[in-house]
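For reference, the structure is listed below as structure tokens.
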Amino acid sequence: MVSSGHDSVVDNLVVAMIEMDEGKFEKILNNSIIKEGFENTVFKILYPFFEKIGLLWQAGSINPAHEHFITNLVKQKIYVAIDSVSAANGNDPKKFLLFLPEWDLHELGLLVYNYMIRSRGFKVIYLGASVPEEDVYSVAEYLKPDFLLVSFSNAIEKENIEDYIQRVASRFDSRKIFIAGHQAVNLTCSLPEYVTIVKSAIHFSEEVLPNC
């Protein structure tokens, strides 16, 4: 739950975004990271912040330039956090293959999963956005990851997502597959038992990763 103190931080970030004040945005976000830690800042500050951006977008209060400006600043923070994580633990750490399907360009959420997985000592093979399906198969065949995580953010017909998941699942029936993103939460199709819908990043952090 977001506290009133967190609400104030989110509101201040919104002001910094509207003013396109990079220095103010950096200062507010850095203070939160120092106080809360990076992951808690993502959950308690950045996620509510992006929800508010969505409402402002619908109301016509911000334009695409605001969104691009702030998304790139947040990406930079996540890159820094990822770089700060130590190398995977052990001689043979379990491997996650992370990617977005070829029609999806919204990489922000996948970067958060990248950070969370690395920070728990796993190895990540990060393919990023807009990855052709056959390339996923080739990389997985060569590197043999223990887990796959694919995220769906772009609006697309539910049937197309379900078909995609079924195809990927049929190629990797011996590995755990995690399905994340806004478009995956409401899927109702029957999925193989080794395919898990990730309800949210917090769900992934608190319930899924500890069992991997």
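Take the solvent-accessible surface of the protein heavy atoms, probe 1.4 Å, and return the percent of it on the chain that carbon and sulfur atoms account for.
49 percent
Past the 29 Å Cα-Cα mark, which pairs from LYS52/LYS75; LYS24/LYS199; LYS27/LYS123; LYS44/LYS144; LYS35/LYS158?
Violating the 29 Å Cα-Cα cut-off are LYS24/LYS199; LYS27/LYS123; LYS44/LYS144; LYS35/LYS158.
Helix 108-119 versus the longest principal axis of the chain: what is the Cα-based angle in degrees, 0 to 90, to the nearest 10?
Once rounded, the angle reads 70 degrees.
Would you mind classifying the chain by shape? Square roots of the alpha carbon gyration tensor eigenvalues, ordered a ≥ b ≥ c; an a/c under 1.5 is rounded, otherwise it is prolate if a/b is larger than b/c and oblate if not.
Note, shape of the chain comes out prolate.
By how many nm would the segment from ASN63 to LYS199 lengthen if fully extended, with 0.36 nm per residue of separation less the alpha-carbon distance?
46.1 nm
Tell me the relative contact order for segment 1-157 as a rounded percent, counting alpha carbon contacts under 8 Å between residues six or more apart.
Normalised by residue count, the contact order of segment 1-157 is 21 percent.
Just grab the label-to-label distance for LYS75 and LYS158, each label 7 Å out from Cα along the Cβ direction, in nm (one decimal).
3.1 nm
Kindly state, to the nearest 0.05, the FRET efficiency for GLU141 paired with ASN31, given R0 = 41 Å and r defined as their beta-carbon distance.
0.35
Once every DSSP H run of n ≥ 4 in the chain is given -39500 (n - 2.57) and the sum is divided by its residues, what mean residue ellipticity at 222 nm do you get, rounded to the nearest 500 deg cm²/dmol?
Estimated from H runs of four or more residues: -15500 deg cm²/dmol.
Using the beta-carbon distance between SER130 and ASN186 and R0 = 30 Å, what value does 1/(1 + (r/R0)^6) give for FRET efficiency, to the nearest 0.05?
Efficiency at R0 = 30 Å is approximately 0.85.
With a 10 Å radius around each residue's Cβ, average the other Cβ atoms per peptide and rank 131-138, 143-150, highest first.
143-150, 131-138
Quick one: angle between helix 158-171 and the longest Cα principal axis of the chain, in degrees between 0 and 90, rounded to 10, please.
The two axes meet at around 50 degrees.
The values are calculated or read from the model by the stated rules, or taken from the named source; none is laboratory data. Being a predicted model, the structure only gives us computed values, none of them experimental. Quick reminder, even Gly has a Cβ in these numbers, built from the backbone with ideal geometry, and neighbours come from all protein chains shown. All accessible areas refer to the heavy atoms of the entire protein, side chains included, with ligands and DNA or RNA removed. Shrake-Rupley method; radii C 1.70, N 1.55, O 1.52, S 1.80 Å.
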